[in-house]
Amino acid sequence: MPHASMMRQITDFANRANPYPVYEELRRTPVLHEEEDGPYLISSYYDIKALLHDPRISSDAANLAAAGDDALDQTEETGGLPPSFLRLDPPEHDRLRRIANGAFGPPHRPRRIESMRGQMRDIVTELIDGFGDARQIDLVDQFAYPFPVTVICRLLGVPREDEPKFRTWVDPLVASLDPDTGRGADDTDHRKTAREARMQLGMYLAELVEERAREPRDDMLSDLVNSRGPDGAMTMMEVLSTSVLLLIAGHETTVNLITNGMLTLLRHPEYLRRLREDPGLSVNIVEELLRYEPPVQLVPQRTCIGDIEVRGVTIPKGSRIWLVLAAGNRDPERFEDPERFDPDRGDIQHLGFGSGIHSCFGAPLARLETQIALSELARRLESPRLVEDPPPYRQNAVLRGPRHLGIAFEGLR
Amino acid sequence: MAADYVEWLRREGRIVIVGASLAGLRAAETLRAEGFAGELTLIGDEPYEPYDRPPLSKSVLLGMASPHHTELPHRWEIDAKWRLGVAATGLDPTAKRVRLADGDEVEYDRLLIATGVRARPWPKPEEARLDGVCLLRTCEDAADLYRRLKAGPRRVFVIGAGFAGSEVASACREMNLPVTVAERAGAPLVGALGGVIGAVAADLQTENGVDLRTHVTVTALEGDPAGRVRAVHLSDESVVEADVVVVSLGSLRNTEWLQGSGLGAGPRGVACDAGCRAFDFRGIVTDDVFVAGDVARSPHALFGYQFLSLEHWGNAVAQAETAAHNMICHGAERRPHLWMPAFWSSMFGVNIKSVGVPPMGEQLMVTQGSLAERRFAAVYGYQDRIVAAVTFDNTRWLEFYQRQIEIGAPFPVEYPTMDRRPEGRQPVDARFPDPSLPTHGPMVTLSGYSPADQQLVFHPARH
């Protein structure tokens, strides 16, 4: 009887609720190559860390296409928009990321994120108040999704009321990031849908960006389109692909981080109790969450531009690589008792935000949002408990998280 | 017997640490963290609790941090006797006693030497005493220099374009002060990074408005009748008027107090084994004297077991932790100090980082980015191996190159790398200055194989 390949087991929806036994098996072969022309799966912490800093590993979508990936290569660089910096190598990557950073963080906008703390708290309060007299909620639809969406909309300068509109384009784009190896025949349809969605989303944002070019406001779209630093300006197309990236990455991953966070805390009620008493604990809790249940489980978009030797295995030039972050995060070679959720561990480190030049651009935002969200939920929900465990999951194996999370509680504080 | 001694030492022994800066503090904390319950004494010649020095040439000069508030955070309660503001003046290893400047003597069962380095003063004492002639090493130096820069001098003159001198020049330009930098070699940073990278640093300085003079030395500092410095005379016979002169000629190791102690100590530091135990001048390792930080020179496996002297923040921390651990454990549990040399600097808005031992390198290859854009990663090769790497605004790749050094990866770098430009396809001469010429603080020096070597400058043989 043929054994299901590890790749297939990772993408198999049946393993979505608990993929960690699969990752444990995967780590037994830290450099795994299952099929000719298939990717090399890397699953140990130190190897992943090293490859994230390796200048022979390209993120360029064009290299990936050349390596023969059909499921992944067609989403970003088509649809009329150039690839975002996530799918580019230096020097283009560096230039675009520097300009984008000029609109987001230090040194040019050192207080942009921190100054949103009050607003974030207000949004969270409003959403929790909105639970009203209900004694059961779906955390995803009623909190974990609307919160980061509202935040990223304000940050970018996208009208919040347009969410139903852009959501219809975001969903197929996010789905296309899922390397579902069993998709087969509908693949072309999927790609076509994604391509169209990306174009639509770009056109929608183009209107807003043009408005900001004429009348700048205090938001990131304005900064992106009007940036004239030492790196020059972004082209209109670059502004659009950057904006598409920030809009999607700015909430899709945070939804899962918050939801995984509440799920994990409800499974470890002693930390929920401690967080209620000490909101400061949210810092360590979020870091440990990023290790224990990372919202991006794997990076399936890298290609070798030269032969690379990892643990005695030569990965030939042109090969695709999957860096399985979630497996590395529970690597016993790096972490003591890795399967235990332990915000008290002295040396919380993780691959949850990646590492190297592509390390998560929005990390400071995601951290702050999740810290506020979890400490407020812990403080305000009276005796919360899970309605079902495990909850139903989203299809996506890369951006993994529950589709719904039913929480019952006694009341609001 | 030996085992009993360690148990006794851990319980009620006396450990004395001479040097109350970064290495001394981190060692003290490690001793306590690892269970040392005996008596702990820290001796420091400065009257301050341990403080952090890197900000002194950066944010402090810009007024963004106070020179008196860069205290190092205490990571552990150390319950120590502090003898601050009094220098150690002598060591009798047989009687196990440290002599202090105030005539006092402190007895120890085990000693850690962490006396570090001091700024090399201007060699002519009369000129050095002129008002406006400054050094930069201590927080008092930084407070004095900050006050003078803030007063808006007509021109600042920096002698020596090593890292510290270049950082001072950068701070001056950020404050919009006219600044002249004089350098004996052909470019800034050549001692640490060689002439190819030095040329990039030179462009960086001149483009930012520094009046950079290379291939010159300062022959005299001229004072006015009131004893204030007024002008600087150069070997090319030019004269530059300036009312602040910063002497940035590297450092001297604080080992004079060890004269006559019988230890392998000299101008290049105190020799110790990889376990941080000091050698005596005969090359025999001592049992009860340990060394850590800038003052130590210890053999490194990755660099042919030559003794390596490192003036690096990270080295001081790592070596202090290793020394402290080894001071209170049994022989079999001792660890070697195998720290990969690494340092960072920032000047004119550029982040510079390096790993390995660049001055060991004969050739250089720009593997990513471009020198002209001043964003790049470059590696140094010696005898067909990568021995060092440097990045300008490209820090995130450095980990990779560190690993390449650790595994002894071949040089030149044949494999393709992202963003390799035509200029990076061939190795070039790294252009380190003639090793017989003194340079101001390369910050990392290979210093031969002899634990008692007193020779001042040593570099690997070149062809």
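From the alpha carbon centroid of the range B:318-363 to that of the range B:190-205 is 23 Å.
Spin-label model, A:D347 to A:E34: label points 7 Å out along the Cα-to-beta-carbon direction sit 3.2 nm apart. Out of the trypsin sites (Lys or Arg not before Pro) in the range B:233-338, which ones are loop residues according to DSSP with at most 10 other C-beta atoms within 10 Å? The qualifying sites are B:R282. Return one number: the angle in degrees, 0 to 90 and rounded to the nearest 10, between the long axis of the Cα atoms of helix B:313-327 and the longest principal axis of the Cα atoms of chain B. Relative to chain B, helix B:313-327 is tipped by roughly 10 degrees. For A:A408 and A:M237, the FRET efficiency from 1/(1 + (r/R0)^6), where r spans their Cβ atoms and R0 equals 45 Å, is about 0.40.
Under a 5 Å amide H cut-off, with hydrogens placed 1.01 Å from N, B:V156 pairs with B:V179, B:T180 among residues at least 5 apart or on other chains.
Scanning residues 5 or more positions from B:G448 or on other chains, those with amide H under 5 Å from its amide H are B:F307, with H placed 1.01 Å from N in the peptide plane. Karplus-derived 3J(HN,Hα) values for the range A:28-41, using 6.51 cos²θ - 1.76 cosθ + 1.60 with θ = phi - 60°, are 5, 10, x, 10, 10, 10, 8, 10, 4, 6, x, x, 8, 9 Hz; glycine and proline are entered as x. Of the two radii for the range A:6-412, the radius of gyration is 0.95 times the Kirkwood radius, both from the alpha carbons; that is the Rg over Rh value. Helix B:163-174 sits at what angle to the longest principal axis of chain B, using alpha carbons and giving 0 to 90 degrees rounded to 10? Long axis of B:163-174 versus the principal axis of chain B: about 50 degrees. GNM on chain A, alpha-carbon springs under 10 angstrom: the most fluctuating residue among A:T259, A:T29, A:T242 is A:T29. Cβ crowding within 10 Å ranks A:I308, B:I43 as A:I308, B:I43, fewest other Cβ atoms first. Residue by residue, the range B:154-162 carries 3J(HN,Hα) couplings of 5, 7, 9, 10, 10, 9, x, 10, x Hz when phi is fed to the Karplus relation 6.51 cos²θ - 1.76 cosθ + 1.60 (θ = phi - 60°); x denotes Gly or Pro. Evaluating 6.51 cos²θ - 1.76 cosθ + 1.60 at θ = phi - 60° for every residue in the range A:274-285, the Karplus couplings come out as 5, 5, 4, 7, 9, x, x, 5, 4, 4, 5, 4 Hz, glycine and proline recorded as x.
Amide H to amide H, with H built 1.01 Å from N, B:L112 comes under 5 Å of B:V16, B:I17, B:V18, B:F290, counting only residues 5 or more places away or on other chains.
Computed from the C-beta positions of A:E382 and B:R335 and an R0 of 51 Å, the FRET efficiency is 0.50 to the nearest 0.05. Please compute the modelled spin-label separation between A:R111 and A:D162, points set 7 Å along Cα→Cβ, answer in nm with one decimal. My value for the distance between the label points is 2.8 nm. The trypsin sites (Lys or Arg not before Pro) of the range B:131-220 that meet both conditions, a loop assignment by DSSP and at most 12 other Cβ atoms within 10 Å of the site Cβ, are B:R154.
Classify chain B from the C-alpha gyration tensor, please: rounded if a/c falls under 1.5, else prolate or oblate depending on whether a/b exceeds b/c. Note, shape of chain B comes out oblate. Calculated FRET efficiency, B:D203 to A:E92, Cβ-Cβ distance, R0 = 30 Å: about 0.80 to the nearest 0.05.
Going by alpha carbons, how many degrees (0 to 90, nearest 10) lie between the helix axis of B:2-12 and the longest principal axis of chain B? Here the helix axis deviates by roughly 80 degrees.
Multiplying the residue separation of B:M64 and B:E126 by 0.36 nm and subtracting their alpha-carbon distance yields 19.0 nm.
Taking 26 Å as the limit for the C-alpha separation, the pairs B:K150/B:K353; A:K49/B:K353; B:K124/B:K353 exceed it in the case of B:K150/B:K353; B:K124/B:K353.
The trypsin sites (Lys or Arg not before Pro) found in the range B:1-42 include none that occupy coil by DSSP while having at most 14 further C-beta atoms within 10 Å.
Since every read-out is calculated from the coordinates, none of them should be taken as a lab result. Remember, predicted model here, so these are calculated numbers, not experimental data. Cβ coordinates were reconstructed from backbone atoms using ideal geometry, including for glycine residues, and neighbour counts include every protein chain displayed.
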